[in-house]
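For reference, the structure discussed in these notes is given below.
The values are calculated or read from the model by the stated rules, or taken from the named source; none is laboratory data. The model shown is predicted, which means the values in this text are computed figures rather than measured ones. Cβ placement follows ideal geometry from the backbone for every residue including glycine, while neighbour counts extend to all protein chains displayed. Calculation scope for accessible area: heavy atoms of the full protein, side chains included, ligands and nucleic acids excluded. Shrake-Rupley method; radii C 1.70, N 1.55, O 1.52, S 1.80 Å.
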Amino acid sequence: MKTLEKKTITDYEALPEGSPYQLIEGELVMSPAPGFEHQQTSINISHKLYSFLKQKGIGRVLYAPLDVYIDEENAYQPDIVVILKGSKTRITSKGVYGPPDVVVEILSPSTAYYDLTQKKDVYERSGVREYWIVDPLRRTFEVYLNTEEGFKLVSKAKGKGLVRSEVLSLELDLDEVFEGIEP
């Protein structure tokens, strides 16, 4: 039986620009375009983060499609990333190198498995400080803080309510996060 050879950043970078793939633990995984609920949620969160970060002058928000290079076997296109001033993470014309301070993944049926398992594990071990998992269909929002013991759920809401980012000292209202999406 033939085993699949693990892919690397070199293989990933050889793909044509705009290819709908992510490199997850050495495997090229296709990611189809997200649906309306996903995109509306992404716009809502990006807008809130952009306004907050600009007002405070503490960092920048970037959103997909943008390559985030974690290591030789992992290059992702997270939905939203936050890079704070003073971070060791580098932003270049090719993408982001190193773990962002905050990563936001908005679940889609085609990518949820990876977002909740392999990518979450890689984000944790690479040093992402906070990981947000947002599900627009179930209207849930979870915030995980990276501690000495790994990711710990520190804030959660479903349907209505607030979630809090410890890293950003920011509260988000689910009514605003899911604005424009029918329940």
*Could you please give the count of residues in the range 145-183 that are of a type in the set (A, V, I, L, M), closer than 16 Å to I45 by Cα and within 19 Å of the chain's Cα centre (by Cα)?*
8
*How many residues does the range 127-153 hold that are farther than 21 Å from P183 by Cα and either open to solvent by less than 40 Å² (accessible area, probe 1.4 Å) or out of contact with any Asp or Glu (no Cβ under 9 Å at 6 or more places or on another chain) (or both)?*
12
_Here is a list: A75, A33. Which entry is outside any loop (DSSP other than H, G, I, E, B) and either open to solvent by 20 Å² or more (accessible area, probe 1.4 Å) or aliphatic (A, V, I, L, M) (or both)?_
A75
*Residues of the range 154-183 satisfying the condition of being over 24 Å from I58 (Cα atoms), part of a strand (DSSP E or B) and open to solvent by 60 Å² or more (accessible area, probe 1.4 Å)*: K156, K158, K160
_Just to be sure I understand, how many residues within the range 59-77 are aliphatic (A, V, I, L, M) and in contact with a helix residue (DSSP H, G or I) (Cβ under 7 Å, 6 or more places away or on another chain)?_
3
*Hey, can you tell me all the residues within the range 78-119 that are open to solvent by less than 40 Å² (accessible area, probe 1.4 Å) and among the charged types (D, E, K, R)?*
D79, D101, E105, D115, K119
